[in-house]
1. Please work out which one of (1) over 16 Å from B:TYR315 (Cα atoms); (2) in the same structural domain as A:ASP306 (by TED's automatic domain parsing); (3) touching a residue at least 12 places away in the same chain (Cβ under 8 Å) is the condition A:SER278 fails and give its number.
2. Go through region B:118-128 and give me each residue that's under 26 Å from B:GLY107 (Cβ atoms) and assigned to a loop (DSSP other than H, G, I, E, B).
3. Please work out which residue is farthest from the chain's Cα centre (by Cα), limiting yourself to region A:378-400 and to residues that are within 14 Å of chain B (Cβ to nearest Cβ) and surrounded by 15 or more Cβ atoms within 10 Å (Cβ to Cβ).
4. Of all residues being open to solvent by less than 70 Å² (accessible area, probe 1.4 Å) and of a type in the set (A, V, I, L, M) in region A:80-99, which is modelled with the lowest pLDDT? Just the residue, please.
5. Hey, any hits in region B:36-47 for a residue that's part of a loop (DSSP other than H, G, I, E, B), open to solvent by less than 10 Å² (accessible area, probe 1.4 Å), at pLDDT below 95 and not β-branched (Val, Ile, Thr)?
6. Given the residues A:GLU217, A:GLU287, which is the only one that is within 11 Å of chain B (Cβ to nearest Cβ) and closer than 30 Å to A:GLU340 by Cβ?
7. Within region A:16-35, can one find any residue that is crowded, with 24+ Cβ neighbours inside 10 Å, at the interface with chain B (Cβ under 9 Å from one of its Cβ atoms) and in a loop (DSSP other than H, G, I, E, B)?
8. Given (1) touching a helix residue (DSSP H, G or I) at 6+ places or on another chain (Cβ under 9 Å); (2) free of Cβ contacts under 8 Å to residues at least 24 places away in the same chain, where does A:GLY54 come up short, assuming only one miss?
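The values are calculated or read from the model by the stated rules, or taken from the named source; none is laboratory data. For clarity, every value in this text was computed on a predicted model and none was experimentally measured. Quick reminder, even Gly has a Cβ in these numbers, built from the backbone with ideal geometry, and neighbours come from all protein chains shown. Remember, those area values only see protein heavy atoms, side chains included, never the ligands or the DNA or RNA. Shrake-Rupley method; radii C 1.70, N 1.55, O 1.52, S 1.80 Å.
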There are 2 protein chains.
Amino acid sequence: MICEILSVGTELLLGDIINTDAAFIAKRLSELGITSYRQSVVGDNAERLRETIGEAFSRSDLVILTGGLGPTLDDITKKITAEYFGVPLLMDESVREDLLRFFDKTGRPMTENNLLQALIPEGAEVFFNKWGTAPGIALSKEINGTLKTAVLLPGPPSECEPMFRECVTPYLKKLTNQTSYSLNLHLYGIGESRAEAILHDMMEQSTNPTVAPYACEHEVRIRITAFGKTEDECRKLCREKAKEISKTEAGKYIYTETNDPWEAKNSVVLALIAALRSRGMTFGTAESCTAGMISSAVGDIPGASDVLLGGIVSYANEVKEKVLGVPRVVLDDFGAVSEECAAAMAKGAKKALGCDIAVSVTGVAGPGGGSEEKPVGTVCFGLAFGDEVITEKVMFNRKSDRMRIRRLTTAHAMMMVIKKLKG
Amino acid sequence: MICEILSVGTELLLGDIINTDAAFIAKRLSELGITSYRQSVVGDNAERLRETIGEAFSRSDLVILTGGLGPTLDDITKKITAEYFGVPLLMDESVREDLLRFFDKTGRPMTENNLLQALIPEGAEVFFNKWGTAPGIALSKEINGTLKTAVLLPGPPSECEPMFRECVTPYLKKLTNQTSYSLNLHLYGIGESRAEAILHDMMEQSTNPTVAPYACEHEVRIRITAFGKTEDECRKLCREKAKEISKTEAGKYIYTETNDPWEAKNSVVLALIAALRSRGMTFGTAESCTAGMISSAVGDIPGASDVLLGGIVSYANEVKEKVLGVPRVVLDDFGAVSEECAAAMAKGAKKALGCDIAVSVTGVAGPGGGSEEKPVGTVCFGLAFGDEVITEKVMFNRKSDRMRIRRLTTAHAMMMVIKKLKG
């Protein structure tokens, strides 16, 4: 089955928004084993949309359209798609009731044109929209002897992504009579090329499941994807391959596994929270160059209050002294960016916050502030746990970009805690 | 002049990367007054690329291609484009020397295939690549009586974006004999529909400069864009329009102006830092639900250490008591999410950190923790300045998403400080 993604919206052509929907859907399609050769973007213009839909179906069996499903006059995707399939738009009572309920619940006033969203092409399958108002639609029909399928999704990623996951994925699995399952192995402390070298033969030989490494900013991920008739069968194939990988040299760098994109994105902080929670331990921070990025990342996760007591952002030296109790002599003799200072910060945070384990960071994030001895990218870490304090000094110098150094520092600090707790 | 953006790369079709280049270029084109009706993505496949280039030129005068300029076998953009224009690829000595210098400077080993990047279509203009290796190319030629222009750019955004800014923008200004300038007015505390209603007539009537409002998560931006022969002329048109807008009812919501994307993105924190710096004042935070997001946002900005002394992340009540000195009775009688607690937190942070002005936040970010009286989205703010403490209670209930509530809280806290300082 060949698929094409067609994104509808003048705001995309103007560059006012980035087309994350297309990347998201493309990724999911490749996970489902559906091939895609083309993506297009077209504005809210009937003539050009008509032309583009025709072109897309001349090349592909399945066209996934995003955007232009809303209640305003320039939302024309549904109308033009129904025209292509030669079916009328009919008022769908269940969608109409769903819309009325939505407006009632949110207390937002409903204008008449909102009901246009309840017009559904005849014979289409409806995906109710739990995340907004415009429902998604799937329309499948034989045209000139070939089965053509259009899937229409709302444009806002906050609606498009969950609707794809919850509604379109099962729909497409049924359509292709195939299901899939993916597992990510997260590796810290190894580069992509090294991981690739270790796994090269396995990657070449594995067709189901497939094995592919991805370099992320702070880590390497190995994605295992299996296809089959049932999810159980796919999961089993993935698990076997994961076990095989864990026995290679790459195995010792694996710190966690995930199988959904949100978990994958937050893998480090989730692993940190899980390690703390399973030990009934509380956590705190002392941050200089990251200025709260570590504690904020922990706070991103619902339920963080189980483990996070708090943090001290000690940007100025006076705060390091006054709030964290870093001795003046440490600052004078070693400087704020030193393992000695990091050790005192971690100890001070553990005491001030009353937590079981505290991590500290102090570094030169740049672009200014670097020196011969401590160039931009120099970061010192401290970890206080029981009576023990350990420190580390890392040079992040691959790219001297302030945000990147701070993000890498955040991940590294969390990994220090994870490693310590896991032994 | 009609333009089309054509992105080349199988990794885009697989969803491995998001097509930020297309959005970036689209935005710059609309600033240059160049119309674009289409964007396409195609993989590293000669046949499909050939087809897509032909289609694009059948509709447009200018096609901007990104990706596929590198040294490997699947980098075919240059070859297929040269074929379309009917010109050969020739070794360009100056590009060859530039490549040799690059590899010499970075100490990376140069393989023979890297020199393929010095092959340039006959008659093309070369954009030397200061940010990587593959040069950009512009090729302009009359085909069937119409001038057709192809601009080829490297795919990595770290090369594509600066090359567009430095090389392609002047090239296109010369091609279209036109330049432009944009100014963003940032408004806080007014909704998009209200801003649109106030400015409706002006938006309709203004053609040069154009006036367009954009709703961002926490604010409304009004973008003024002028076209003309010189930047000075354009800037003057923008300034006059900005003055006109500032006299409308929308004017009192304007808190800052920006004219580049990075400044626009960081408008609130930049306005905060500027307000503090111009008064020689220092700043600190006491954060509960945001867990360091406010201090971290300030720390994002180079030179933040001029104004940021530090912050206390007081997630747990014990930290509010112990580090910030919030009286136990306040927590018992009013709860952690209360204006009383926010006031005590701000006072405590100002004292502990020794800063001139401190802001505090404590709220229910969700998804759990809400109650009838204090539902998810309830946030209390405190501000301590001199002997004065002011508080505010805000209900962010438009969308009960944890991250969104925390981001809105961060912006609102900073805006409180900005308003206080500006009087």
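1. In the conditions (1) over 16 Å from B:TYR315 (Cα atoms); (2) in the same structural domain as A:ASP306 (by TED's automatic domain parsing); (3) touching a residue at least 12 places away in the same chain (Cβ under 8 Å), A:SER278 misses (3) alone.
2. Listed by number, the list holds a single entry, B:PHE128.
3. Of region A:378-400, the ones within 14 Å of chain B (Cβ to nearest Cβ) are A:379, A:397-400.
With the extra rule that they be surrounded by 15 or more Cβ atoms within 10 Å (Cβ to Cβ), the set shrinks to A:379, A:400.
Numbers: A:VAL379: 26, A:SER400: 24 Å.
Checked region A:378-400; the qualifying residue farthest from the chain's Cα centre (by Cα) is A:VAL379.
4. A:LEU99
5. Of all residues in region B:36-47, those part of a loop (DSSP other than H, G, I, E, B) come to B:43-45.
Applying the additional criterion that residues be open to solvent by less than 10 Å² (accessible area, probe 1.4 Å) yields B:43.
Keeping just the survivors that are at pLDDT below 95 gives B:43.
Going one step further and asking which of them are not β-branched (Val, Ile, Thr), we end up with B:43.
Scanning region B:36-47 turns up at least one residue that is part of a loop (DSSP other than H, G, I, E, B), open to solvent by less than 10 Å² (accessible area, probe 1.4 Å), at pLDDT below 95 and not β-branched (Val, Ile, Thr).
6. Working: A:GLU217 fails: within 11 Å of chain B (Cβ to nearest Cβ).
Among A:GLU217, A:GLU287, only A:GLU287 is within 11 Å of chain B (Cβ to nearest Cβ) and closer than 30 Å to A:GLU340 by Cβ.
7. Yes, region A:16-35 contains at least one residue that is crowded, with 24+ Cβ neighbours inside 10 Å, at the interface with chain B (Cβ under 9 Å from one of its Cβ atoms) and in a loop (DSSP other than H, G, I, E, B).
8. (2)
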